Structure formats: C-alpha cells, structure tokens
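The values are calculated or read from the model by the stated rules, or taken from the named source; none is laboratory data. None of the values given here were measured: they were computed from a predicted structure. Heads up, the Cβs are rebuilt from the backbone with ideal geometry, glycines too, and the neighbour counts pull from every protein chain shown. Quick note on the areas: whole protein, heavy atoms, side chains included, nothing else; ligands and nucleic acids left out. Shrake-Rupley method; radii C 1.70, N 1.55, O 1.52, S 1.80 Å.
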Amino acid sequence: MEPLYQYAWLIPGLPLLGAMLVGLGLISYSQAISNLRQRVAVFILSLLGTSMVLSFALLWSQINGHEIYTQMFEWAAAGDFKLSMGYTIDHLTALMLVIVTTVAFLVMVYTDGYMAHDPGYVRFYAYLSLFSFSMLGLVLSPNLVQIYIFWELVGVSSYLLIGFWYDRKAAADACQKAFVVNRVGDFGLLLGMLGIYWATGSFEFEVMGVRLEQLVETGSLSVGLATLFGVLVFLGPVAKSAQFPLHTWLPDAMEGPTPISALIHAATMVAAGVFLIARMYPVLEHLPVVMNIIAWTGAFTAFLGATIAITQNDIKKGLAYSTISQLGYMVMAMGVGAYSAGLFHLMTHAYFKAMLFLCSGSVIHGMEAVVGHNPVLAQDMRLMGGLRKYMPVTSACFLIGTLAICGIPPFAGFWSKDEILGSAFGVNPALWFVGWATAGMTAFYMFRMYFSTFEGEFRGNNHEIKEQLLYANATPAVAFGPGAMDPNELEHGHDDHDHGHHSDSPHESPITMTLPLMVLAIPSMIIGFLGTPFANYFEQFIYAPGESLAEVLEELAEFDLTEFLIMAGNSVGIALIGITFASLMYLSRKIDPGAIAQQIKPLYNFSLNKWYLDDINNFLFVKGSRRLARQVLEVDYKVVDGAVNLTGFITLLSGEGLKYLENGRAQFYALIVFVAVLGLVVFSGI
C-alpha cells in the first residue's frame, strides 16, 4: 500500500493537469478546442475519475488501520525560518477526498447535459477541473500556510465559476460580491495565523495547539490575546462557510450555473470552513471563549437561514439559504465540541444537498422549455407546480433529499442532525432549542418547496402570473440562462412578454442529468447508518485529535436508548409539525399562506427582505465607502492639490515679480542700491 501513499499527490495533480491543458488550449487554439466539446469532457472526467479511485483506495487503507502518512519537502528557508510543503493522509483527509471527488465527478457528468448547448461548455469544464484541484489540495494540506494558499485558489475558482455568465450583470455583480466578502474573512484568517505563528513559531496544527496551551498556562501569553487570534482565524470559516454576518454572498452566488451551486455552494467549497475548524481544533479547543463564539455563531446562522428560506420563491435561492442554515448546524457542532457530529453532518449534507441543487437545475432546464430563457420565470416556484407527472425521476430524488434534510428517519440527515442536537443539549439547552426550532422551520420550507414545485396543477402557462413576475422584476430575457438550453430550440411566443416556448409542459431531463441524481439518492438514504448512536462506525473512524479510540469506544458504550428516543422524538416531532403546516398551506390549500402573510406583514417583509441585511450592508459599506471616497477626493482636490497649486502659484508670482528686477541695466541696479542704502539710513535713524 505504500506506493499508493507516495503517489497521493496525483489526486489533486490530475485535475490540475486537465485544467492546464484545456486552459492553454483555449488560450492558444480557442475555436479548435471549443469544438472538441465532449472529447474534452471525457478527458477531464477520466482524470478526475482516476483521482476518485485513488481517493477510495486511500480511504479503504485508512479504514483498515494504515498509520498517518505525511510527505514533506522544504519550500522556503531564511535563517532559522523554514517553511515546508507537502501532503498528509489521515482519516479526515481520506474522508474529505472521497466526498470532494465523488460529488465533483457526478457534477461533471451532470454538466454534460445541463451545459450541452452553452458556448462556454469547454471553458466550464476547465474551471471545474481547476476548482477540483484547489479543493483537493486544500484537503491534503499538512499545515496552515499551505491551507491558506489553496484557500485562496478555491476563492479564485469560485469567482470564475459564479461569474461564468459574465455578460449578465447579475452574475458579474455576484462574483464580485463573493470575492469582496470572502476577502474580509480571509484577511482576518491571515492576521490570526500570523499572530499564532508569532506566539508559537509554528504553522503545524498539533504544535500550534500544544504551544499555545502552554503559553497561556504559564502566563507568557494572555488569554485575551490568544482568544483574539482564535477569533481572527475563525473569520476565515465565517466567510467561506457563509456564517453571519459574512453570509450574504452565498444566495447571490446562485447566479452561476446550477452545477456550480451543487459543487461549490452545497458540498465542497462552503464545507472548507468547517474543515478548517476541524483542522484547527487542537488550537481552538483550548480557547473556551472562541468555542462559545463558534457555537453561537453557528446556531444564530442556522436560525437566520431558516427564517429567510421560508419566504423565498426562487428555488435556487431557497436552497441557498437552506445551505446557510445547515452550515450553521455544522459550525455549532464544532463549537460545542461535537467534532464527529459536525463532520458527519458535513458528509451527509454534501450528498443530499448536492442532489437537491442538481434537481433544481433539472427543474429549471425543464421549465425553460415552457417559459423561455428568463431566470425570473424559470426559477420561480410560483410558475411551477405539478411537475411530478412530467419529471418523475427529478421529483422522486428531490423528495428523498427533502426527507433527508428534514431529519426524517431513516434518511441520512436524521442521524447526523439528531447527533448535533443531542450534543448541543448536553452543553447548553438554549443552543439545542435554537437548533430544534430551526429543524421545524427546515421541514416547513423544504416541503413548501416540494409541494410548490411538484404537486398541484402546473402554473407555467399562466400568463397573468408571468406578467406579474416580469413586471415586478423587470428582467429581460437572456440568450443563455440558468438552464443553458439552445435558444434555437425555442419558437417565439405570441406576445411581447412570452419569451418563447415550444411546449405547453416541461419534460424530464436527459440521462446525463438524471443519472447523477439517482446515484446521489443512494447515500442520501443509507449513508446515515454509518453514524447511528447504537453502532457509530463513523465516530470510531473520525474523532477529535485530542481523543483516543479507547475513549471514543467508552463514550459510545454509554449510549442511553431512552435518552436517544426522547431527543429523536422531539426532533422528528417538530419536523412533522413543519411538514403538516406546509401540506395544509401548499398541498391541500386549507390554510391560505397569503392571509397569514398579511396578518404578520412586518415579520413577512422582514423575512422576504432577508432581515434587510443586504440593505444595511449596501448603506453602510457600499454607499458608505463611496461617500468616504468622495470626501477623500474632496480633501485631495482642495487641500492636497490646493497646497501644491498654491506653491506653484506663489512661485509663478515671485518669478513674474523678479523678472522686472533682473533687466541687465546698470543704472537700474544703482538706483536699487541707492534706495536700499537710503532705507537703511532712514530706519537706523528712527
């Protein structure tokens, strides 16, 4: 097995090779490479497929007890300072490699159908391969500096993919917003890691943790300063994993193609923040204030995301706020010390949320056959309904994902979310209550999405709703929208607002899109059984760095069935209440949600407008920075430039005056001397 570990660098190396070759080909022979569409896709998929096979082999080796493997080389040295790079293979790395490669591989298969008619098809695959390299490199990183390098590469890949349709203003704005917001968190991460290095002299995770603990215990480093370093490091995951208040970029990132929403913003990139918390756990676990901040940030974010998702009508943005909420659960788990539970939910969520996003892309692809290439119409659930009979595979997979995220047993989300709630209750019942209430809202908004999209009557041909949506959003049709269908397939409609249709009903997506859905449905249903409390194989494999397997087995042996049934009953009960309300409002229509919205208009608007956080950010930071820039410009123009211009003006005046004194006439110079002497005599006499 040793050669397998020695060549583990191929796992990120192969996607990098694919991205480089295709990227250089596009730069040098753009037209020729762009015409090799499916050949390029097969090439990229083959390389990533090889990485996936190697990842599974490493995971199997780690499960069978292979020791941690680290390969390092000296990258930079200056005096006593030495910086090493390389890769490490441990249990967490092996698990993350499998998650990233499997989801990325299935997304790439799906992309062939989804982006089939997009002119940027080849460029999209190059970007996907670049992102895969960046994320896999991050997962393999053995120290904080290397993680930071790949952390930024992930950010660049995200920028390129969110803004893939850069000719659409919304997409261009979204990628810039994601880039700027993440720079805020990344700057905090950079300051934190430099501060920790200043204190400990190391970027190695275990070494940093041990030395920081010793420094605090001996009083060589104040608790306040150590806490500050921990909070600064946490700012990186706050931005990358879309935690309050740096979460606002994630819903806007839905302007990118749906495969990106599934790959980056559901399964992998946003999970990088949780992964970094796990890697930094040896440092953070010794800082109780930081752990409390992490726990409450996660709990508040979970609640905030759920309250906003309740009123969203765009199917992708509803799922985006759901992602924010679920990431909050993972971060809360890390904060309360439930290391294994947080990573278990990361794994289960990666599969069922990726499937849900791909299902939404399938729905959008089908809806565009009816409403045309306008994202306002193709993504709005108010124009959907009844899609189950037109798209049975997509409908079934979406229902499985919905049951999983709602925590209905025996689906995957039940086991991971219930473990988080149980751990939170043991630390702080208030945290449990927030998570429990959020679980009820999750069940409500997810089944609201399912019923609005797949049940009832199809509303896609309702011209009155179309007119209202187009008037409210005033968004023109685009040549290539979220479904990336060929505009030539669509015949023009009969009125100015119907942007073209060739069918009165949507259709099921091609096999390249539905096959990944069906594959992802399998782990969404059964992977949770790896982490059941009465046989928790996951926790025996993934546990906190400071624990030993014997301690984990001892804790698992203390499993109390009665306590589990009470906690699980509470979480399932609140989920069933949420599902019941959703069915009464959006399936049987016995309760009018519009009437309720009118009765609680302020709360409804508060949720619909996303807690006005975007407006606050726009006022404080966007417009505020522009006001500050204008004031700086005024100071620069009037004070700085004024002083420079005044100096020049004085020089000009003095020069103009002196030129009359320097005329070359001896008589004039004698007169000046006479006047000067006379003046001295007069003043001396006075």
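Here's the yes/no breakdown for (1) under 15 Å from PHE352 (Cα atoms); (2) touching a helix residue (DSSP H, G or I) at 6+ places or on another chain (Cβ under 7 Å); (3) not in a loop (DSSP other than H, G, I, E, B):
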| residue | (1), (2), (3) |
| --- | --- |
| LEU263 | yes, yes, yes |
| ALA299 | no, yes, yes |
| GLY305 | no, yes, yes |
| THR311 | no, yes, no |
Whether any residue in the range 231-248 is in contact with a Ser or Thr (Cβ under 9 Å, 6 or more places away or on another chain), within 30 Å of MET367 (Cα to Cα) and either assigned to a helix (DSSP H, G or I) or not hydrophobic (A, V, I, L, M, F, W, C) (or both) is what I want to check. yes
Going residue by residue through the range 532-552, is there one that turns out to be more than 23 Å from PRO410 (Cβ to Cβ), touching a Pro at 6+ places or on another chain (Cβ under 6 Å), open to solvent by 30 Å² or more (accessible area, probe 1.4 Å) and not in a helix (DSSP H, G or I)? yes
Any chance you could count how many residues in the range 109-125 are open to solvent by 20 Å² or more (accessible area, probe 1.4 Å) and more than 18 Å from PRO516 (Cα to Cα)? 3
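Scan GLU634, GLU656 and give me the residue that is of a type in the set (Asp, Glu) and surrounded by 10 or more Cβ atoms within 10 Å (Cβ to Cβ). Can you show your working first?
Details: GLU656 fails: surrounded by 10 or more Cβ atoms within 10 Å (Cβ to Cβ).
Criteria check complete, one pass: GLU634.
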So which residues in the range 1-42 are free of Cβ contacts under 8 Å to residues at least 24 places away in the same chain, of a type in the set (Ser, Thr, Tyr) and part of a helix (DSSP H, G or I)? SER28, SER30
Of the residues that sit in the range 163-180 and are open to solvent by less than 10 Å² (accessible area, probe 1.4 Å) and either among the aliphatic types (A, V, I, L, M) or touching a His at 6+ places or on another chain (Cβ under 9 Å) (or both), which one is nearest to GLY120 (Cα to Cα)? ALA171
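Residue-by-condition table, conditions (1) more than 30 Å from PHE205 (Cβ to Cβ); (2) open to solvent by 10 Å² or more (accessible area, probe 1.4 Å):
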position	(1), (2)
LEU284	no, no
VAL289	no, yes
ILE293	no, yes
ILE308	yes, no
LYS317	yes, yes
LEU327	no, no
VAL336	no, yes
TYR339	no, yes
Could you tell me whether any residue of the range 414-428 is crowded, with 23+ Cβ neighbours inside 10 Å, touching a strand residue (DSSP E or B) at 6+ places or on another chain (Cβ under 7 Å) and of a type in the set (A, V, I, L, M, F, W, C)? yes
Could you grab me the full set of residues in the range 137-162 that are surrounded by fewer than 22 Cβ atoms within 10 Å (Cβ to Cβ), among the hydroxyl-bearing types (Ser, Thr, Tyr) and closer than 19 Å to PRO259 by Cβ? TYR159
Residues that are of a type outside the set (Gly, Ala, Ser) and under 18 Å from ALA443 (Cβ atoms): does the range 367-386 have at least one? yes
Considering each residue of the range 593-610, count those that are surrounded by 15 or more Cβ atoms within 10 Å (Cβ to Cβ) and either out of contact with any Ser or Thr (no Cβ under 6 Å at 6 or more places or on another chain) or not in a helix (DSSP H, G or I) (or both), and give that number. 5
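Can you confirm whether the range 434-445 contains a residue that is under 20 Å from ALA262 (Cα atoms), in contact (Cβ under 8 Å) with a residue 24 or more places away in the chain, within 26 Å of the chain's Cα centre (by Cα) and open to solvent by less than 30 Å² (accessible area, probe 1.4 Å)?
Going through the range 434-445, the residues under 20 Å from ALA262 (Cα atoms) turn out to be 442, 445.
Subset that is in contact (Cβ under 8 Å) with a residue 24 or more places away in the chain: 442, 445.
Imposing the further condition that a residue be within 26 Å of the chain's Cα centre (by Cα) reduces the set to 442, 445.
Within this subset, residues satisfying the condition of being open to solvent by less than 30 Å² (accessible area, probe 1.4 Å) are 442, 445.
Yes - at least one qualifying residue is present in the range 434-445.
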Evaluate the range 218-225: report whether one residue or more is open to solvent by less than 10 Å² (accessible area, probe 1.4 Å) and either touching a residue at least 24 places away in the same chain (Cβ under 8 Å) or closer than 30 Å to THR307 by Cα (or both). no
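Going by the structure shown, is ARG630 among the charged types (D, E, K, R), under 30 Å from GLN176 (Cα atoms) and free of Cβ contacts under 8 Å to residues at least 24 places away in the same chain? Steps first, please.
Working: among the charged types (D, E, K, R): yes; under 30 Å from GLN176 (Cα atoms): yes; free of Cβ contacts under 8 Å to residues at least 24 places away in the same chain: yes.
Yes; evaluated as a whole, the condition is true for this residue.
Determine, yes or no, whether GLY49 is under 15 Å from SER129 (Cβ atoms), within 26 Å of the chain's Cα centre (by Cα) and surrounded by fewer than 19 Cβ atoms within 10 Å (Cβ to Cβ).
On the way: under 15 Å from SER129 (Cβ atoms): yes; within 26 Å of the chain's Cα centre (by Cα): yes; surrounded by fewer than 19 Cβ atoms within 10 Å (Cβ to Cβ): yes.
Answer is yes for this residue.
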Picking from LEU59, LEU106, which residue would you name as being buried (at least 21 other Cβ atoms within 10 Å of the Cβ) and not acidic (Asp, Glu)? LEU106
Go through the range 341-378 and count every residue that is farther than 22 Å from LYS417 by Cα, open to solvent by 10 Å² or more (accessible area, probe 1.4 Å) and either modelled with pLDDT of 85 or more or touching a Cys at 6+ places or on another chain (Cβ under 6 Å) (or both). 1
Among residues of the range 23-42, those that are under 13 Å from TYR121 (Cβ atoms) and either surrounded by 15 or more Cβ atoms within 10 Å (Cβ to Cβ) or under 28 Å from the mean Cα position of the chain (by Cα) (or both), counted: 8
